[in-house]
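Read the structure below first, then the notes.
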Amino acid sequence: MADDSASPSPSSASPLQHHREALKSSVRNTAASRRREQAIAIGKERREALIRAKRVCRAPISGSDEAEMEEGDMVVDEEKACLEAKTAHAVEELKSALSIQGKGVQKKKIEALRDLRRLLSQPEVPLVDTAIKAGAVPLLVQYLSFGSSDEQLLEAAWCLTNIAAGEPEETKSLLPALPLLIAHLGEKSSTLVAEQCAWAIGNVAGEGAELRSTLLAQGALRPLTRLMFSSKGSTARTAAWAMSNLIKGPDPKAANELITIDGVLNAIIASLEKEDEELATEVAWVVVYLSALSDRGISLIVRSSVPQLLIGRLFSSENLQLLIPVLRGLGNLIAADDYMVDSVLTVGHNIIGLIKCLKSDNRVLRKESSWALSNIAAGSFEHKKLIFASEATPVLIRLVTSMQFDIRREAAYTLGNLCVVPTGNCELPKIIVEHLVAIVDGGALPGFIHLVRSADVDTAGLGLQFLELVMRGYPNKQGPKLVEMEDGIEAMERFQFHENEQMRNMANGLVDEYFGEDYGLDE
């Protein structure tokens, strides 16, 4: 499946740049650009989190006439060539059923659609390409025509759903069907038909930015939003999942439009208040994209009950698929808005859920909780003390010294921000000596020196910034010696002729200042 790889353009005038910048000397990392980078990367991470961007529909939608998937209808060990021949024949039967008249024609149409749907629904042998080459898509478009029975519409949309779950070019073959799929989301359609069409649209939207733009231009956003209000659980879940695929980045246009639709925030709140964890998961992903891409969305969300509901899920749930978007959404909100940190993550409260995720064995939860904590740690002195005094600090030290690169970096931002108080001007940040000493003595310094050796310039800069804190602020001028003992001088000297001027000047300046001609003479 195609992934979106376009680079975001950080907003130089954004009011969201203050977080994460407390630890800085020459390398900046703004919250606004980070949220957008996260939004682009989520497509891949959702697959890692077992939440696929596209989904094959195998079992019937709850409430349809076909209450259960028939076991044994398909012989799964048939030769591929035989199954392909059956698929081509099923498409021919579709065509034949459209051309005949008289008694029994409706039954024949349903049988032909069902035969094709069953072939497209089995996982063992992919048959989408065969169906497309046999001409299935234009025939299925005809079966979607207004005035058809709900059963016919459901079966046709189901076939299109599974075609859309195929490879990129297979998904793109549905372009002629999109207007009718969108039209059947309307209020005049039955709930079953609308839900199945939403599923098909979600698969198309999951393919990439080009198809999302087409769906948005054809008006998919508002009728899909209406389905999120459905009292039928599976319909609301499917609509929310399709919506999250439709609004995801990097283009914020859809997210900005969604948040302006009357009642959408109420629908999100109502869904998060229900006990349905699957629904909460899908809606939490909608919150993720809104908070990553829409400044207006952030403003409305943080002043609603959504953050408290997300925090409640963080405390109460052990469901990995739910915790990942809940934590990502909270991290985005914390990174974006002082109101969120000051009034929702009140001092002395509400970081227990973050610590739970920080201690998790799951890589994504560790990374996301570190990201959220780093932005809390970039705030007030009281918030820094709260994190420092908690069991998060030893866990973060372990993460920065022993985990994968991306987790090390997020943990490093948190630890670094715990050690400084921003001055509000261009001067170096003031050091919280008690925090710095405890973090260094706890064993974090080798982890930061490892970051200095990173090929990623921003990450190496983060490591250099922490070394500067140690050498400047560790008591009794012992900082340089500690850095030297961990081979920090060698790590900094690799930037002596580095092509990045800021990094070169920063590293050389630190070596000259702390390891110059007078170094060691006073011992």
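Points worth noting:
- Residue-level analysis places Pro429 outside the set of residues that are open to solvent by 60 Å² or more (accessible area, probe 1.4 Å) and over 21 Å from Arg366 (Cβ atoms).
For (1) surrounded by fewer than 16 Cβ atoms within 10 Å (Cβ to Cβ); (2) within 19 Å of Asp276 (Cβ to Cβ); (3) modelled with pLDDT of 90 or more, each residue gets a yes or a no:
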site	(1), (2), (3)
Leu322	no, yes, yes
Pro325	no, yes, yes
Ala335	no, no, no
Met340	no, no, no
Leu345	no, no, no
His349	yes, no, no
Ser360	no, no, yes
Leu365	no, no, yes
Glu368	no, no, no
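- Count of region 433-453 residues which are modelled with pLDDT of 95 or more, open to solvent by 10 Å² or more (accessible area, probe 1.4 Å) and part of a loop (DSSP other than H, G, I, E, B): 2
- Selected residue [touching a Lys or Arg at 6+ places or on another chain (Cβ under 9 Å) and in a helix (DSSP H, G or I)] from Ala240, Ala270, Ala255: Ala255
- Selection over region 451-497 of residues that are free of Cβ contacts under 8 Å to residues at least 24 places away in the same chain and either aromatic (Phe, Trp, Tyr) or in contact with a Phe, Trp or Tyr (Cβ under 6 Å, 6 or more places away or on another chain) (or both) gives a count of 1.
- Of the residues Ile269, Ile311, the single one that is under 20 Å from the mean Cα position of the chain (by Cα), surrounded by fewer than 23 Cβ atoms within 10 Å (Cβ to Cβ), at pLDDT 95 or above and outside the structural domain of Thr161 (by the TED database) is Ile269.
- The residue of region 139-192 that is farthest from Lys54 (Cα to Cα), among those that are of a type in the set (Gly, Ala, Ser) and part of a helix (DSSP H, G or I), is Ala183.
- Within region 147-174, the set of residues being open to solvent by 30 Å² or more (accessible area, probe 1.4 Å) and under 16 Å from Leu192 (Cβ atoms) comprises Ser149, Asp150, Glu151.
- Looking only at residues in region 199-229 that are on the phi < 0 side of the Ramachandran plot, surrounded by fewer than 20 Cβ atoms within 10 Å (Cβ to Cβ) and not in a helix (DSSP H, G or I), the one that is nearest to the chain's Cα centre (by Cα) is Phe229.
The values are calculated or read from the model by the stated rules, or taken from the named source; none is laboratory data. Since we're looking at a predicted model, the values are computed, not measured. With ideal geometry, Cβ positions are generated from the backbone for all residues, glycine too; neighbour counts draw on all protein chains shown. We work out accessible area using only protein heavy atoms, side chains counted, and drop any ligands, DNA or RNA first. Shrake-Rupley method; radii C 1.70, N 1.55, O 1.52, S 1.80 Å.
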